[in-house]
1. Can you give the helix-only mean residue ellipticity at 222 nm for the chain, where every DSSP H stretch with n ≥ 4 adds -39500 (n - 2.57) and the sum goes over all residues, rounded to the nearest 500 deg cm²/dmol?
2. Apply the Kirkwood formula to the chain: the hydrodynamic radius equals the inverse of the mean of 1/r over all pairs of different alpha-carbon atoms; give it in Å with one decimal.
3. Which percent of the accessible heavy-atom area of the chain goes to carbon and sulfur, probe 1.4 angstrom?
4. Taking 35 Å as R0, compute the FRET efficiency from the Cβ-Cβ separation of Leu27 and Glu64 and round it to 0.05.
5. Give me log10 I(q)/I(0) at q = 0.13, 0.16, 0.17, 0.26 Å⁻¹ for region 1-73, Debye formula, one equal scatterer per alpha-carbon, no solvent.
6. Can you compute the charge dipole magnitude of region 32-125 about its Cα centre, using +1 on each Lys and Arg Cβ and -1 on each Asp and Glu Cβ, nothing else charged? Give it in debye, rounded to the nearest 20.
7. By average Cβ neighbour count within 10 Å, what is the ranking of 100-108, 10-18 from highest down?
8. With a probe of 1.4 Å, find how much accessible area the chain has per residue, and write the answer as a whole number in Å².
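The values are calculated or read from the model by the stated rules, or taken from the named source; none is laboratory data. What you are looking at is a predicted structure, and each value in this text was computed from that prediction instead of being measured. Every residue, glycine as well, gets a Cβ built from its backbone with ideal geometry; the counts of neighbours run over all protein chains shown. Note: areas computed on protein heavy atoms with side chains; ligands, DNA, RNA excluded. Shrake-Rupley method; radii C 1.70, N 1.55, O 1.52, S 1.80 Å.
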Amino acid sequence: MKGRLLTIGLVIWVAATAALRLWGELLLRPRGWVSTLALYVLSFVAMATLARRLCRKAGLPREEWPAGAISLALPTLVLDPFSAAFFPAVFPKIDAQMAGVFGGWMLICCAGALLGVLPLRPERA
């Protein structure tokens, strides 16, 4: 576990949850599969990039980047199941039917962070 990245992950989770609570209805609203797919793809790429940059900025050796990404994603993986389970209470401004999209969005964000720290090219033996 990488304490600094765990703390950053928690700060990101708190800020993102607060932002969604305040303005989430502007982002998560029933619009069809194209909007959901675009949100997922953009979020995957953004989180992959963010995880790589944060691991690099934290000065982690390359072989510790996977542990760094796990630390970064852990708050979302532990806390957002509760946000999804109690979606209408946590996000009262967002249409309750968007709970599934929200859950999928959180998974794709974590997948982006985890896959984003993997080497882009295979290492040569």
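1. Values: 5 runs with 89 residues, N = 125.
That calculation yields -24000 deg cm²/dmol at 222 nm.
2. Values: mean 1/r = 0.0660 Å⁻¹.
Value: 15.2 Å, from the Cα pair sum.
3. Working: 5390 of 7650 Å².
Carbon-and-sulfur percentage of accessible area, whole number: 71.
4. Values: r = 33 Å, r/R0 = 0.95.
Efficiency computed from Cβ-Cβ geometry: 0.60.
5. Results for region 1-73 at q = 0.13, 0.16, 0.17, 0.26 Å⁻¹ read -0.48, -0.67, -0.73, -1.13.
6. Details: 8 positive and 5 negative charges, 83 e Å.
That gives region 32-125 a dipole magnitude of about 400 debye.
7. Values: 100-108: 17.2, 10-18: 15.0.
Packing proxy ranking, top to bottom: 100-108, 10-18.
8. Details: 7650 Å² over 125 residues.
Result: 61 Å² of accessible area for each residue.
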